[in-house]
Amino acid sequence: MKYAYLFILVFSILSCQKPEPELAADTIYFNGPIYTMDDANPNAEAVAIKADTFLYVGTKEGADAFIGKETRVVDLNGQTVIPGLTEGHAHIMGVGYNLLNVDLREAKSYAEVVSMVAERAANTPEGTWITGRGWHQDKWTEKPEMTNGFPTHDLLSEAVPNHPVYLKHASGHAALANAKAMKVAGVDGSTPQPDGGEIFMSVSGEPTGIFNETAQGLITKEIPDATKESDQQALKLALEQCFKYGITGFHQAGSGWDHINLFKEFAEHGDLKLRLYVMLNGRDQDLLDEYFKNGIEEDIYNNQLTIRSVKLYADGALGSRGAWLLEEYSDAPGVHGHNVMPMEDIEVITAEAYKAGFQVCIHAIGDRANREVLDIYERTFRLYPESAPKEPRFRIEHAQHFHPDDIPRFAEMGVIPSMQAIHMASDRPWAIDRLGQQRIEWGAYMWQTLLQSGARIVNGTDAPVEPITPLASFYASVSRRTLEGNPEGGYEPSEKMTREQALRSYTLDAAYAAFREDRKGSIEVGKWADLTILDKDIMTIPEDEILDTKVTMTVIGGEVVYQE
């Protein structure tokens with residue numbers, strides 16, 4: 001009788017043990033809000049991951065069926081899961097170099113800029129170039145005496161006389177050089193003005209130190225090229241920043257051979273991890289010829305790297321009055337901005353790219369630049385119908401200011417506006433000086449109007465122009481306020497995105513803009529297992545708490561690449 005009892009007990013225990021599933025998950029996440037961006041299944045209780053893809057998305061009970069002996073089960077404890085965020089327009093090497101060079105984004109005055117540079121000079125051998133980026137005169141709380149709305153080199157040259165200094169404006173479309181740098185470059189009052197740019201001059205006819213748009217090349221040609229070691233260091237730092245802020249995909253806005261080869265080297269060794277979507281530098285004709293001949297490179301090195309688009313420039317930036325406008329600047333009579341690359345050259349390259357199956361991405365900020373680019377796209381689609389890919393998905397990068405007549409053209413032609421919401425938060429307080437009230441209200445940062453017309457918006461930060469923090473741009477998208485919370489109710493509040501629209505602009509629509517909505521951008525079975533995990537629910541918390549939200553984990557292809 002005793003043995004019969006033991007037999008029954010052992011049989012009962014064994015029968016209660018769960019059998020090993022035929023297909024066991026590597027990882028399961030549960031117990032927190034999960035926003036999938038899948039219209040058919042917008043919310044889930046749990047997700048299961050096998051290798052680099054989603055195996056199951058649904059209920060906790062359903063996910064339990066995939067638990068095996070080796071499955072890692074992660075209790076989110078209320079943390080929020082969203083599809084992995086994609087930075088829709090930024091400069092990855094600039095992100096890294098901003099950490100290596102003098103970072104001026106937090107400077108509140110010209111004096112502070114000069115102090116930061118002088119501190120670097122004190123620890124740098126004389127004659128060595130000092131470079132930095134991030135200053136913006138319209139964001140300074142204390143403003144020096146300025147010429148044409150910009151500081152002059154005098155204070156900088158006095159404080160740092162023995163090092164050539166080159167400081168890029170936050171926009172990247174202007175720069176300040178000291179006297180030593182101008183001497184090295186041979187720039188003086190007799191230097192001719194370049195096409196598509198301007199050397200700012202004082203009333204006495206001497207350079208003030210400000211080099212706008214293409215004029216920057218007069219100085220940059222003298223700066224020694226970066227070494228491979230410094231490039232490697234910059235890319236490593238940039239990747240760390242991306243993962244820290246929950247970024248799993250990145251649209252790289254323009255690269256040449258050197259950086260493309262670096263990306264491939266990192267990817268080949270499995271060190272890239274980030275899903276990098278690269279736009280070719282449209283100013284390098286040899287690069288374009290090679291790629292147009294050989295074709296796109298898609299999802300190479302285990303889905304880390306894609307090269308299938310071209311970056312071109314129609315105009316400059318609004319802050320430096322380089323954005324190309326139909327009417328003159330409200331605060332600079334007679335000034336309309338700059339066309340920085342001849343439109344006829346842009347049209348030729350656009351046609352070549354279209355026929356070769358490459359996407360075209362053109363920088364256009366002002367209403368004149370946007371109209372010119374839309375006209376080129378329209379002519380290209382009409383003139384070469386035999387070359388038409390199913391969906392070319394051409395883009396306009398920044399797309400900040402339009403004439404109202406041009407807004408519907410995006411959806412009509414399937415052109416994607418790649419818009420960085422954080423630019424509105426940073427620029428809107430002074431942009432009204434450049435454009436005036438009417439042009440701001442009827443054509444600037446027109447997110448909701450574009451969305452309602454049927455266009456898809458890709459969001460981002462344009463880092464290092466702005467810090468590479470998607471949650472700040474998400475906050476700007478839904479609040480239309482500065483990061484300090486001004487004004488109450490937001491600027492032009494009818495143009496706010498909903499939270500779902502803002503999240504889509506950073507996930508599914510960003511994937512669409514890179515031709516990869518079938519593999520990423522939402523949490524669905526069979527798609528790549530890319531996740532961003534947050535300590536707060538950004539879809540429901542009060543608006544003012546969004547900026548306090550932290551990324552706690554970043555997952556790419558099932559691999560945890562960052563954990564707080």
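The values are calculated or read from the model by the stated rules, or taken from the named source; none is laboratory data. Values in this document were obtained by computation on a predicted structure and should not be read as measured data. Neighbour counts are summed over all protein chains in view; Cβ atoms, including those assigned to glycine, are modelled from backbone coordinates with ideal geometry. Surface accessibility is based on the protein's heavy atoms, side chains included, excluding ligands, DNA and RNA. Shrake-Rupley method; radii C 1.70, N 1.55, O 1.52, S 1.80 Å.
Go through region 185-200 residue by residue and tally those that are farther than 28 Å from LEU312 by Cα, in contact with a strand residue (DSSP E or B) (Cβ under 9 Å, 6 or more places away or on another chain) and open to solvent by 50 Å² or more (accessible area, probe 1.4 Å).
As a first pass, look at region 185-200 and keep what is farther than 28 Å from LEU312 by Cα: 186, 188-190.
Applying the additional criterion that residues be in contact with a strand residue (DSSP E or B) (Cβ under 9 Å, 6 or more places away or on another chain) yields 188-189.
Those still in the list that are open to solvent by 50 Å² or more (accessible area, probe 1.4 Å) too: 188.
Looking only at that region, the number is 1.
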Are any residues in region 162-184 touching a helix residue (DSSP H, G or I) at 6+ places or on another chain (Cβ under 9 Å), over 19 Å from GLU112 (Cβ atoms) and open to solvent by 30 Å² or more (accessible area, probe 1.4 Å), and if so, which ones? ASN162, ALA179, LYS180, VAL184
Among the residues of region 493-504 satisfying the criterion of being of a type outside the set (A, V, I, L, M, F, W, C) and farther than 10 Å from SER479 by Cα, which is farthest from the chain's Cα centre (by Cα)? SER494
I'm told ASP518 meets every condition in (1) part of a loop (DSSP other than H, G, I, E, B); (2) touching a residue at least 24 places away in the same chain (Cβ under 8 Å) except one. Can you identify the failing condition by its number? (2)
What are the residues in region 49-70 that are in contact (Cβ under 8 Å) with a residue 24 or more places away in the chain, assigned to a loop (DSSP other than H, G, I, E, B) and open to solvent by 20 Å² or more (accessible area, probe 1.4 Å), if any? ALA51, ASP52, ALA65, PHE66, ILE67, LYS69, GLU70
Looking at (1) out of contact with any Gly (no Cβ under 6 Å at 6 or more places or on another chain); (2) within 23 Å of THR461 (Cβ to Cβ); (3) at pLDDT below 95, find the lone condition where ASP195 falls short. (2)
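Could you say which residue among GLU106, GLU126 is touching an Asp or Glu at 6+ places or on another chain (Cβ under 9 Å), part of a loop (DSSP other than H, G, I, E, B) and on the phi < 0 side of the Ramachandran plot?
GLU106
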In region 351-402, how many residues are polar (S, T, N, Q), in contact (Cβ under 8 Å) with a residue 40 or more places away in the chain and more than 19 Å from GLU213 (Cβ to Cβ)? 1
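Yes/no per residue for (1) part of a helix (DSSP H, G or I); (2) open to solvent by 40 Å² or more (accessible area, probe 1.4 Å); (3) small (Gly, Ala, Ser):
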position: ARG434; (1), (2), (3): yes, no, no
position: GLN437; (1), (2), (3): yes, yes, no
position: GLU441; (1), (2), (3): yes, yes, no
position: LEU450; (1), (2), (3): yes, no, no
position: ALA455; (1), (2), (3): no, no, yes
position: THR461; (1), (2), (3): no, no, no
position: VAL465; (1), (2), (3): no, no, no
position: ILE468; (1), (2), (3): no, no, no
Filter pass, PHE200 being closer than 23 Å to SER171 by Cβ, of a type in the set (Phe, Trp, Tyr) and in contact with a Leu (Cβ under 9 Å, 6 or more places away or on another chain): no
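For region 150-166, indicate whether the set of residues that are assigned to a loop (DSSP other than H, G, I, E, B) and within 28 Å of ILE346 (Cβ to Cβ) is non-empty.
Pass one, region 150-166, residues assigned to a loop (DSSP other than H, G, I, E, B): 151-153, 160-164.
So of that shortlist, the ones also within 28 Å of ILE346 (Cβ to Cβ) come out as none.
No.
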